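**Q** Supplied in C-alpha cells, the structure appears directly below.
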Amino acid sequence: MMFSVPTYVYLQVSRECRGCSLECYAPPDGSSLTLKEAKLIVDMLSEAKVFIVLIDGGEPLLWDEIAKLVHYFKNRSIATAIVSGAEDISEAESLKKAGLDMIQFPLEGPEEYHDTIRGEGSFHNVLEAVNAFCNLGIYTHIGTVMTPSNLCYLEEISDIVSALPVRVHRILRYIHPTEYLTPEQCVDVLSRIAHLMEKGRAITPTNCYTFAKQTPFAKKMNLTRFQGCVGGKTSAVITCDGYVVPCPHFASKDIAESINAPRIWDEDMKTIWQEWDFLKEFRQGLTECQNCPDLSLCGGCRAAAYCVTGSLECDPGCPFSNDYVKTEK
Amino acid sequence: MIPERREDVICREEEFGAIIFDPEAGRMHKINKTGLFIWNLCDGKTDVDAIAETLAESEEESSAPVKDAVKAFLKDMNERKLIRWH
C-alpha cells in the first residue's frame, strides 16, 4: 500500500551545530533555511496533509526562529517534534508555549565516552535538557547511535536512561562507510535490546534495523507495528537547501545531489513522492534483497547500502545476506 | 443520536479509504472506503439512522445490516475520541 504523500516529514532547518566526532549524515556547511522559507514549506506540507514533522539539523535548537516555526506548524494542526543535540535549551519554555509535542536528545555512552564524542560537558547538558523538557511536560526521548565503539556500553547506557523521566530509548544504527555494525553486531544489539525489554526497559530499535522483525527476538521486542525501512513509504526528508530525499542519511548536499534529488521549490511534494524514479527504486528494496522472502517487510537499510557501496546493492549489516551466511558456515 | 467529527481532526483520502489523524494524540487511524463514507456524514446534523440509510442506498443493500456496520464504526471512532455525540 502506497500513501499519496508521506505521513511524516523530517525538516532539516539548518546544518549548523557545534559538532561532534561522529561522522554525521548532515555535516555543518553553513546552510540554513530562513523562517520565510520554512513557513512556505509548512504551508506546502499542510496543504498536502502531512501529519507529523520532525525538525532536524544540524542542531535545531541553535536555529534562531525555532519556537516561531513550531508555533506555525501547530497552527496548522501538524504534530511537531525536534531531534536535538541538547546544545542550547534556552528556548525550552518558548517551545512549550508554541506547542512542541516531542523532543529527542542523544546519549552515546556513559559520561566520559559521551563527552569524548560530543564535547566536554555535553553529557550534563543532555541530563539538564531532559529534565528541563520533561518538567515542562514535553514528551522526551533519548536516541543512542550504536557504533562498533559504544556497543559494549548498551546496558550501561540503558541503566542511565532508565533513571531519567523519558518516554523511550531509541537505538539507532551508525551509518558509516567503514565503521558500520557487522551482521553479527546487529544481531548482538537486537538480542540485547530484547533482553532489556524483558527487564521492562522502554527501549526500541529504530527502523534502520530493517531486518529486526525476521530475527528470533522480534516476539520479545513486540514489533507488531515495525515496518522496516520507512523511507519513501511513510516518510521523507526536506533538507535546508530544499532537496527532498527519502531518509535523513541522504540529507547532506553532496548526497542529495548525487541522487539528483528534486527540490521542493520546483515541484510539489505529491509529484515528487509519486513520480521520482529514485524513490520508486528505493521503495522496492535493495538489489540483493529481491529474492529474500522478507523483501516486503524489510528490503534492507538503503542508507547503509548507499553509504558503503554508493548504490542500492546490499545492506552490509544484514544477518540474512548471502555473504554473512557464507561466513557463518 | 447525532455524531460529529472533531473539528481539529484531519482526514486525508487515500486509495484504500483514508487516514484520520488526531493532532492532539498524535495518532493516525486507517479507515476503509465505507468508513470514509460514514466519516464524511458525521457532520453534526445527520443522525445514525440517516447515515445508515444513505450508506445502504449507495451500496444498494438493506439498511438493517448496514446500520450495525455504521454503529460499529461510530463506536470505534467514539472510543478513539475522534467524534462527539449530540
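The values are calculated or read from the model by the stated rules, or taken from the named source; none is laboratory data. Computed from a prediction, not measured in an experiment: that's the story for all the values here. Note that each Cβ is placed from the backbone with ideal geometry, even for glycine, and that neighbours are counted across all protein chains shown.
**Q** Residues being over 16 Å from A:ASN131 (Cβ atoms), small (Gly, Ala, Ser) and within 14 Å of the chain's Cα centre (by Cα): count how many of those fall in segment A:75-107.
**A** The qualifying residues number 2.
**Q** What's the number of the only condition in (1) at pLDDT below 95; (2) at negative phi that A:ALA129 fails to meet?
**A** Evaluating A:ALA129 over (1) at pLDDT below 95; (2) at negative phi leaves (1) as the failure.
**Q** In addition: Which ones in segment A:242-254 are out of contact with any strand residue (DSSP E or B) (no Cβ under 6 Å at 6 or more places or on another chain) and surrounded by fewer than 21 Cβ atoms within 10 Å (Cβ to Cβ)?
**A** A:LYS253, A:ASP254
**Q** Any idea which residue in segment A:46-96 is farthest from A:TRP273 (Cα to Cα), counting only those that are polar (S, T, N, Q) and within 14 Å of chain B (Cβ to nearest Cβ)?
**A** A:ASN75
**Q** Kindly establish whether A:SER149 is away from every other protein chain (no Cβ under 14 Å), farther than 26 Å from A:VAL9 by Cα, within 20 Å of the chain's Cα centre (by Cα) and among the small types (Gly, Ala, Ser).
**A** Yes.
**Q** Just for segment A:133-149: of the residues that are out of contact with any Phe, Trp or Tyr (no Cβ under 6 Å at 6 or more places or on another chain) and either of a type in the set (S, T, N, Q) or touching a residue at least 60 places away in the same chain (Cβ under 8 Å) (or both), which one is farthest from A:GLU111 (Cα to Cα)?
**A** For segment A:133-149, the residue satisfying everything is A:ASN135.
**Q** Collect the residues in segment B:49-79 that are touching a strand residue (DSSP E or B) at 6+ places or on another chain (Cβ under 9 Å), without any contact (Cβ under 8 Å) to a residue 60 or more places away in the chain and not aromatic (Phe, Trp, Tyr), keeping them in residue-number order.
**A** Those that are touching a strand residue (DSSP E or B) at 6+ places or on another chain (Cβ under 9 Å), without any contact (Cβ under 8 Å) to a residue 60 or more places away in the chain and not aromatic (Phe, Trp, Tyr): B:ILE51, B:ASP76.
**Q** Within segment B:1-20, how many residues turn out to be touching a Lys or Arg at 6+ places or on another chain (Cβ under 8 Å) and over 22 Å from A:THR234 (Cβ atoms)?
**A** Residues that pass the stated criteria total 4.
**Q** I would also like to ask the following. State which residue is farthest from the other protein chains (Cβ to nearest Cβ) when the search covers only segment B:4-38 and only residues that are surrounded by 18 or more Cβ atoms within 10 Å (Cβ to Cβ) and within 18 Å of B:TRP85 (Cβ to Cβ).
**A** Filtering first and then ranking leaves B:ILE38.
**Q** Restricting to segment A:285-316, name every residue that is assigned to a loop (DSSP other than H, G, I, E, B) and in contact with a Ser or Thr (Cβ under 7 Å, 6 or more places away or on another chain).
**A** Those that are assigned to a loop (DSSP other than H, G, I, E, B) and in contact with a Ser or Thr (Cβ under 7 Å, 6 or more places away or on another chain): A:CYS298, A:GLY299, A:GLY300, A:CYS301, A:LEU312, A:GLU313, A:CYS314, A:ASP315.
**Q** To continue, here is another question. Check whether at least one residue in segment B:43-61 is in contact with a Phe, Trp or Tyr (Cβ under 9 Å, 6 or more places away or on another chain) and under 25 Å from A:TYR8 (Cβ atoms), and report yes or no.
**A** Within segment B:43-61, not a single residue is in contact with a Phe, Trp or Tyr (Cβ under 9 Å, 6 or more places away or on another chain) and under 25 Å from A:TYR8 (Cβ atoms).
**Q** Something else now. Do we have any residue at all in segment A:274-283 that's touching a Ser or Thr at 6+ places or on another chain (Cβ under 9 Å) and at pLDDT 95 or above? Spell out the reasoning first.
**A** Going through segment A:274-283, the residues touching a Ser or Thr at 6+ places or on another chain (Cβ under 9 Å) turn out to be A:274.
So of that shortlist, the ones also at pLDDT 95 or above come out as A:274.
Yes, segment A:274-283 contains at least one residue that is touching a Ser or Thr at 6+ places or on another chain (Cβ under 9 Å) and at pLDDT 95 or above.
**Q** Now for a different question. So, in segment A:196-212, how many residues would count as being in contact with a Leu (Cβ under 9 Å, 6 or more places away or on another chain) and part of a loop (DSSP other than H, G, I, E, B)?
**A** 5
**Q** Let me ask you something else. Are any residues in segment A:154-179 under 17 Å from the mean Cα position of the chain (by Cα) and under 18 Å from A:ILE193 (Cα atoms), and if so, which ones?
**A** Within segment A:154-179, A:ARG167, A:VAL168, A:HIS169, A:ARG170, A:ILE171, A:LEU172, A:ARG173, A:TYR174 meet the criteria.
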